Amino acid sequence: MTAHLTIPKTYKLYIGGAFPRSESGRTYEVATRSGAFLANAAKASRKDARDAVVAARAAQSGWAGATAYNRGQVLYRIAELLEGRRAQFVDELRSAGGVTEAAAQREVDAAIDVWVWYAGWADKYLQVTGNGNAVSGPYFNISTPEPTGVVAAIAPQDAAAWGGGLLGLVSVIAPVLVSGNTLVVVASESTPLPAISLAEVLATSDVPGGVVNILTGSPAEIAPWLASHADVNALDLTGAEGMDWIDLQIAAADTLKRVLPPESGIPTPSLDRVQFYTETKTVWHPKGIV
Amino acid sequence: MTIEQSVALAPAARAIQLIGTDLTEKSLKLHLDGLSGVDAVGLEARAAGLATRSIKTTSKAWALDTIIRLIDLTTLEGADTPGKVQSLVAKAMNPDPSDPTTPRVAAVCVYGDMVADAVAALGSAHAAGGPTGINVAAVATAFPSGRASLAVKLADTRDAVAAGADEIDMVIDRGAFLSGRYGVVFEQIVAVKEACRRDDGSMAHLKVILETGELNTYDNVRKASWLAILAGADFIKTSTGKVQPAATLPVTLLMLQVVNDWNRLTGEKIGVKPAGGIRSSKDAIRYLVTVAETVGEEWLHPHLFRFGASSLLNDVLLQRQKLKTGHYSGPDYVTID
């Protein structure tokens, strides 16, 4: 037998549970940190972003309608799958992110930990962030957080400064999903490969198609379209530090989106992030009337 | 009824002109069976080729407005209420309340018993066949199956016309057509056409639904199109929307080709209405391209081409808003159907 022929992988987008090429047909070259060619990734256009929002909107009511316990189980299942693909992620982080084996191991561990941490909140955040209000009248008055809808997010971009790109992505995706939002996320432009591998994990997990949609390409090109899109309810600018994000905020304000401002580095897991993508619903319920 | 039987058919001017006064089941069948077969591969390749055109900016803006003008805004549900018809009419008159430059649709299409509600809701905006305003189209003849006696079909049609319908969408008897009894289909269309006559002698426009999803072959679609035109159809319409597949681009292309042939033969212009399954602006623009390339842009007017649709309008409005504002719009910014 002749020597093994390397089969390079074709990296595509993840929209509505499928892996389409960019509608524009464009790709861009992904290089290792030392500059060597690594792979071609799809370069998403504004129309891919539009299609992703349509898919996210279609999936939103179903995902939000699942019981909190069920969402927690589905999210936990992703952590199981991440664990099973540990070697692949470590390998990708090493080649694409240029980190050492030990650092890559640590990042995958941290990403799985973050995921499990958020999965646990799915059936608990409601009790912690909701409350019964004291009112002067014969009513139960209860405020509960409800998912805000479709969230567009820019994942942390500068993977070179903080790891290989997986942890930042996971730290942005997981908190959005906890309460029942759906998501369109623009992966790190320089290190998109862990994002597509994560999409493969999501596609084989129990997450319904359209709940998470992952675009690769230029955030500077795609983000304005997501920020001004009237069918997006919240904008997470975590990874937009290096971009002209004031304009994105202004565009988002036109349709009254919630905007999470840029953050330096990888966001630490926090309940605040879960709560940020919720809207409070207050219900008055009569009591003691016979 | 077998081929050998010679049954005199109801008089129909077009058929007599083409086939002669000796209009029988046999002569009709000979004529239709004499039509050349359809090159299915070529037809589908042509339709696919027409679907690849890229329409941008000003052309797209024109196309979107044209699509709205060509829409028969439709509600054909068992659960239709007068309130639903009123909201449909309100949407037909003012499709996008945020933009008064949005054109109106061509017609609203309802069940026969809802015609009076639609006419009342339209008020002075009712075109009544005139050049401005909105027409009321009614489906009739035991829509969508067409499985009823001719007497019932005619009564259905007369009721709708009497209630003020300007256009009648009838279904052909597919059972008779598929068993080769073209004469029965022909006679029914002629009779329904006659039932479209109003008291003052004017006629409601007749659209004949072929229900191409049940005709199985392109050859049958071509035959049924000829048959409907010979019997006096003003429009030929693909589908009821209740059967899958409904309108497809190849079938519509084929019907347009028949219309084109008829125009070259007689100079008469017949309308075409694809209905059912056209939900996106992108799809609708493909139909516009197909019409312009097959019979000419002259057909892109409400009296010669219509879209039977309900959800299409919202998608066109979203695209229109995108062109106007420069950013993507969402379903919260159009009215629900």
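Read-outs: derived from the displayed coordinates by stated rules, not from any lab. Bear in mind the structure is a predicted one, so any value in this text is a computation, not a measurement. So basically every Cβ, Gly included, is an ideal-geometry build from the backbone, and we count neighbours across all protein chains shown.
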Counting Lys and Arg as +1 and Asp and Glu as -1 over every other residue whose Cβ sits under 14 Å from the Cβ of residue B:296, the net charge comes to -2
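For residue B:240, what charge total do you get from the other residues with a beta carbon under 9 Å from its beta carbon, if Lys and Arg give +1 and Asp and Glu give -1? Let's see the in-between values first.
Numbers: positive: B:237, B:242; negative: B:169, B:211.
Residues near residue B:240 contribute 0 overall.
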Which of A:176, A:30, A:150 fluctuates most in a GNM of chain A (C-alpha springs under 10 Å)? That residue is A:30
Rg/Rh of chain B (Cα atoms, Kirkwood Rh), to two decimals, equals 0.97
To the nearest 20 debye, the range A:27-286 has a Cα-centred charge dipole, built from +1 on Lys and Arg Cβ and -1 on Asp and Glu Cβ, of 460
For the range B:34-45, Karplus-derived ³J(HN,Hα) couplings (6.51, -1.76, 1.60; θ = phi - 60°; whole Hz; x for glycine and proline) come out as x, 5, 5, x, 8, 7, 5, 5, x, 4, 5, 5
Note, residue A:230: beta-carbon cut-off 10 Å, +1 each Lys/Arg, -1 each Asp/Glu, net -1
Relative to chain A, whose Cα atoms define the longest principal axis, helix A:68-84 and its Cα axis are tilted in degrees, nearest 10, by 20
Taking alpha-carbon centroids only, the range B:10-46 lies from the range A:88-156 a number of Å equal to 68
Computed, not fitted: 222 nm per-residue ellipticity of the protein assembly as shown from DSSP H runs ≥ 4 (each -39500 (n - 2.57)), nearest 500, equal to -13500 deg cm²/dmol
At the level of C-alpha centres, the distance separating the range B:275-301 and the range A:14-80, in angstrom, is 33
Contact order relative to length for chain A, counting C-alpha pairs under 8 Å separated by 6 or more residues, stands in percent at 25
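Would you mind giving the mean number of other chain beta-carbons within 10 Å of the Cβ of each residue in B:325-335, as a whole number? Working shown, then result.
Working: counts 3, 3, 11, 13, 5, 11, 4, 6, 3, 0, 0.
Going residue by residue through B:325-335 and averaging, the value is 5.
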Rounded to the nearest 10, the angle in degrees between the Cα long axis of helix A:166-178 and the longest principal axis of the Cα atoms of chain A comes to 30
Candidates B:57, B:141, B:240; GNM for chain B (alpha-carbon contacts under 10 Å) flags as most fluctuating B:57
Of the range A:119-134, those with amide N under 13 Å from the point 7 Å along the Cα→Cβ vector of residue A:285 are A:131-133
In a Gaussian network model of chain B with springs linking alpha carbons closer than 10 Å, the residue among B:194, B:44, B:268 that fluctuates most is B:268
Sorting B:20, A:54, B:138 by the position of each Cα along the dipole of the protein assembly as shown (Lys, Arg +1; Asp, Glu -1; all at Cβ), the one nearest the positive end of that ordering is B:20
Between the residues B:233, A:131, B:49, the Cα farthest towards the positive end of the dipole of the protein assembly as shown, that dipole coming from +1 and -1 charges on the beta-carbon of Lys, Arg, Asp and Glu, is from B:233
Of the candidates B:329, B:316, B:105, the farthest towards the positive dipole end of chain B (Lys/Arg Cβ +1, Asp/Glu Cβ -1, centred on the Cα centre) is B:329
Taking placed amide H atoms and a strict 5 Å upper bound, the residues 5 or more places from residue A:153 or on another chain that come that close are A:184, A:185, A:186, A:236
Each label sits 7 Å from Cα toward the beta-carbon; between residue B:149 and residue A:87 the label points are separated, in nm, by 7.8
Computed for the range B:127-272: size of charge dipole around the Cα centre, +1 on C-beta of each Lys and Arg, -1 on C-beta of each Asp and Glu, debye to nearest 20, value 280
Sequence order, the range B:295-309: Karplus ³J(HN,Hα) from phi using 6.51 cos²θ - 1.76 cosθ + 1.60, θ = phi - 60°, Hz rounded, Gly and Pro as x, gives 10, x, 5, 3, 6, 7, 10, x, 7, 10, 8, 9, 9, x, 7
Of every Cα-Cα pair in the range A:27-286, the percentage lying beyond 23 Å is 49
Between the Cα axis of helix B:57-70 and the main Cα principal axis of chain B, the angle (0 to 90°, nearest 10) is 50
Ranked output for segments B:154-160, B:322-328, A:188-194 by mean other Cβ atoms within 10 Å, highest leading, reads A:188-194, B:154-160, B:322-328
